[in-house]
Amino acid sequence: MSNRSEVPKIASAINLLTKNDQEEIQLSELAELTLSLKANVQAEIVHYLLYTNWQASQPDKNSFLWSYRAIVDNYWERQSLNVVDTANVIAEEINNQTQEIFRG
């Protein structure tokens, strides 16, 4: 497992990691099932989990996943674009949205 703390944090938030009775981190049943599928399906499932695990009704829960959803929505709305050319514009838009959503 990676030494970076965000990897297990994100994997836990999307229910791919869990803790056993000894409080050891392990793959969840969902992770085991996902790994048994074809790679392209795995990617779709992880995308779905990342996209759906932030809810406006509970903005503080998994708030770090809000930006994933916002960026995906932004790209979807734009349909066809050059990511390199628009990266700074999109980053500024997402930053402004963050201020509005999580103002506190």
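The values are calculated or read from the model by the stated rules, or taken from the named source; none is laboratory data. Every value quoted in this text rests on a predicted model; they were computed, and no experiment measured them. No Cβ is skipped: glycine too gets one built from the backbone with ideal geometry, and neighbour counts run over all protein chains shown.
Points to keep in mind about this one:
- Flag if N95 is in contact with a helix residue (DSSP H, G or I) (Cβ under 8 Å, 6 or more places away or on another chain), under 24 Å from K9 (Cα atoms) and modelled with pLDDT under 90: no
- Some residue of the range 48-58 being among the small types (G, A, S), modelled with pLDDT under 95 and in a helix (DSSP H, G or I): no
- When the criteria are applied in full, E23 fails the requirement of being surrounded by 10 or more Cβ atoms within 10 Å (Cβ to Cβ) and acidic (D, E).
- Just one of (1) modelled with pLDDT of 90 or more; (2) hydrophobic (A, V, I, L, M, F, W, C); (3) assigned by TED's automatic domain parsing to the domain that holds I101 fails for F64. It is (1).
- L81 vs. criteria among the hydrophobic types (A, V, I, L, M, F, W, C), surrounded by 11 or more Cβ atoms within 10 Å (Cβ to Cβ) and not assigned by TED's automatic domain parsing to the domain that holds A11: yes
- Taken as a whole, the structure places L37 among residues that are assigned to a loop (DSSP other than H, G, I, E, B), over 26 Å from I101 (Cβ atoms) and either assigned by TED's automatic domain parsing to the domain that holds D73 or not hydroxyl-bearing (S, T, Y) (or both).
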